[in-house]
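A short worksheet on the structure shown next.
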Amino acid sequence: MIATDRTTSRIDLPMPFGWFQVLYSDELAKCESKPLEYFGQELVAFRTESGVAKVVDAYCPHMGAHLGYGIHENAGAGASVVGESIVCPFHGWQYNGEGQCTHIPYAKNMPPRVARGEKVLNSWHVREVNQCILVWYHPQGVEPLFEPVVVPEAALDNDEWGEMQTFEWDINTHMQEIGENAVDAVHFHYVHGTDEIPAEAKHEFDGYNRFGFLATRNPTPKGVVEGSIENASYGAGLAVIRFQGICDTLLLANLTPVSADKTRAMYAFIQKKVDGKTQKGGIGAAIIANICQQMEEDRIIWDRKKYYEKPLLCDGDGPFAKFRKWYGQFLIPAQQ
């Protein structure tokens with residue numbers, strides 16, 4: 001019998017860099033703020049009076065109050081937002097989304113850094129696309145190296161596709177372990193009970209992007225319907241999956257590190273409208289329910305598995321080595 005060392009981490013990998021979802025757009029109203037916890041840090045998101053989403057570090061550089069928790073009329077919610085700035089609940093100092101202090105209500109002489117218009121609060125690069133609010137994370141503070149993809153089906157003004165249906169899971173593992181499912185066709189049979197192991201038709205790695213294609217055969221009362229699953233990753237955190245065949249379905253399968261060994265999965269489903277209306281129930285709902293069930297099944301494995309740098313693989317295990325080489329470009333150690 002081999003003893004297991006339970007004092008060491010199951011997964012010793014740094015958090016990846018890239019664009020990551022922190023909220024859905026409709027979760028942040030104008031002049032509203034919300035506390036966030038991602039990348040092992042406390043953050044605050046707020047939407048300005050002009051409607052622009054911003055993300056800054058949580059703690060006021062004046063005396064350390066958390067900017068994500070309001071008082072008085074804002075008790076139980078985030079701090080207030082005035083114009084283009086968030087207001088510290090402790091002493092009323094105001095900060096814009098670029099980290100500059102824009103107002104100190106009781107000061108006669110501004111601190112030198114404030115008077116010079118310097119950045120005094122760390123701010124984050126934000127993009128709002130596909131009805132999602134994304135931030136750029138890099139452990140060494142490097143500026144964005146690529147832009148998030150715009151998904152036409154997820155545009156609010158796309159009349160051919162319906163409303164988003166969203167789901168969320170917190171998973172106790174590193175993001176890479178979740179991402180590896182994309183190249184693991186065998187697990188569909190053993191974990192999810194598919195009749196056969198899907199045949200992978202294509203898998204490509206191109207810079208910061210990854211593309212995969214699976215041909216599917218879907219049994220129905222009217223016979224077998226040929227279909228496909230196209231899956232693409234844009235960096236480590238953003239994935240777009242298109243299911244075609246019985247019911248055209250788009251899935252935004254976004255992953256964000258809460259910490260190095262805890263990941264939040266945010267799944268948003270959009271299905272093609274029928275007769276100009278968002279589908280309710282039927283095969284469309286069944287597809288979504290099945291994918292959510294698969295996530296619950298996968299989480300049983302992910303929450304408990306140990307990462308092996310050199311796993312013992314066989315010829316039917318899929319392109320794990322290619323995936324890890326591609327994913328490894330995002331795993332940069334923090335600045336010393």
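The values are calculated or read from the model by the stated rules, or taken from the named source; none is laboratory data. Predicted, not measured: the structure shown is a model, and the values here were computed from it. Every residue, glycine among them, receives a Cβ derived from its backbone with ideal geometry; neighbour counts consider all protein chains shown.
In the condition set (1) part of a strand (DSSP E or B); (2) in contact (Cβ under 8 Å) with a residue 40 or more places away in the chain; (3) not aliphatic (A, V, I, L, M), Glu153 is compliant with all but (1).
Here Cys101 meets the list (1) surrounded by fewer than 21 Cβ atoms within 10 Å (Cβ to Cβ); (2) modelled with pLDDT of 95 or more almost entirely, failing just condition (1). On the stretch given as segment 48-64, residues that are in a loop (DSSP other than H, G, I, E, B) and buried (at least 17 other Cβ atoms within 10 Å of the Cβ) total 5.
Any chance segment 118-126 includes a residue that's in contact (Cβ under 8 Å) with a residue 40 or more places away in the chain, more than 27 Å from Leu13 (Cβ to Cβ) and either in contact with a Leu (Cβ under 7 Å, 6 or more places away or on another chain) or assigned to a loop (DSSP other than H, G, I, E, B) (or both)? Within segment 118-126, one or more residues are in contact (Cβ under 8 Å) with a residue 40 or more places away in the chain, more than 27 Å from Leu13 (Cβ to Cβ) and either in contact with a Leu (Cβ under 7 Å, 6 or more places away or on another chain) or assigned to a loop (DSSP other than H, G, I, E, B) (or both).
Can we say Glu143 is among the charged types (D, E, K, R), surrounded by fewer than 17 Cβ atoms within 10 Å (Cβ to Cβ) and either part of a loop (DSSP other than H, G, I, E, B) or without any contact (Cβ under 8 Å) to a residue 60 or more places away in the chain (or both)? Before the answer, list the steps.
Working: among the charged types (D, E, K, R): yes; surrounded by fewer than 17 Cβ atoms within 10 Å (Cβ to Cβ): yes; either part of a loop (DSSP other than H, G, I, E, B) or without any contact (Cβ under 8 Å) to a residue 60 or more places away in the chain (or both): yes.
Taking the combined requirement at face value, the residue satisfies it.
Using the structure shown, decide if Lys262 is under 18 Å from Trp169 (Cβ atoms), touching an Asp or Glu at 6+ places or on another chain (Cβ under 7 Å) and in the same structural domain as His203 (by TED's automatic domain parsing). Outline the logic, then answer.
On the way: under 18 Å from Trp169 (Cβ atoms): yes; touching an Asp or Glu at 6+ places or on another chain (Cβ under 7 Å): yes; in the same structural domain as His203 (by TED's automatic domain parsing): yes.
Criteria met by Lys262.
Checking the structure you have, find out if any residue of segment 305-314 is more than 26 Å from Pro152 (Cα to Cα), touching a residue at least 24 places away in the same chain (Cβ under 8 Å) and touching a helix residue (DSSP H, G or I) at 6+ places or on another chain (Cβ under 9 Å). Yes; the residues of segment 305-314 include at least one that is more than 26 Å from Pro152 (Cα to Cα), touching a residue at least 24 places away in the same chain (Cβ under 8 Å) and touching a helix residue (DSSP H, G or I) at 6+ places or on another chain (Cβ under 9 Å). Taking segment 242-278 as the range and being farther than 22 Å from Glu296 by Cβ, of a type in the set (A, V, I, L, M) and in a strand (DSSP E or B) as the test, only Val274 passes.
Of all residues in segment 311-331, those satisfying the criterion of being within 15 Å of Asn181 (Cα to Cα) and either touching an Asp or Glu at 6+ places or on another chain (Cβ under 7 Å) or surrounded by 14 or more Cβ atoms within 10 Å (Cβ to Cβ) (or both) are Asp317, Gly318, Pro319, Phe320, Lys322, Phe323, Arg324, Trp326, Tyr327.
Matching residues to (1) closer than 30 Å to Asp275 by Cα; (2) of a type in the set (D, E, K, R); (3) surrounded by 17 or more Cβ atoms within 10 Å (Cβ to Cβ):
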| site | (1), (2), (3) |
| --- | --- |
| Leu156 | yes, no, no |
| Trp161 | yes, no, yes |
| Met175 | no, no, yes |
| His189 | no, no, no |
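Name every residue in segment 280-297 that is modelled with pLDDT of 95 or more and charged (D, E, K, R), in order of residue number. Glu296, Glu297 - these are the residues of segment 280-297 that are modelled with pLDDT of 95 or more and charged (D, E, K, R).
With the requirement that a residue be surrounded by fewer than 18 Cβ atoms within 10 Å (Cβ to Cβ) and either in a strand (DSSP E or B) or on the phi < 0 side of the Ramachandran plot (or both), what does segment 71-93 give you? Within segment 71-93, Ile71, Glu73, Asn74, Ala75, Ala77, Val82, Glu84, Phe90, His91 qualify. Tallying residues that are of a type in the set (D, E, K, R) and modelled with pLDDT under 95 within segment 1-52 yields 4. Selection of first residues in segment 64-88 that are under 18 Å from Glu42 (Cβ atoms) and without any contact (Cβ under 8 Å) to a residue 12 or more places away in the chain and of second residues that are among the hydroxyl-bearing types (Ser, Thr, Tyr) and part of a strand (DSSP E or B), restricted to Cβ pairs under 6 Å at least 6 apart or on distinct chains, gives an empty result.
Within segment 24-36, residues that are assigned by TED's automatic domain parsing to the domain that holds Glu84 and farther than 21 Å from Asn254 by Cβ reach partners that are among the polar types (S, T, N, Q) and not in a loop (DSSP other than H, G, I, E, B) with beta carbons closer than 9 Å, at six or more positions or on different chains, in the pairs Ser33/Asn74. Annotation: of all residues in segment 111-137 being over 21 Å from the mean Cα position of the chain (by Cα) and hydrophobic (A, V, I, L, M, F, W, C), the one that is surrounded by the most Cβ atoms within 10 Å (Cβ to Cβ) is Leu121.
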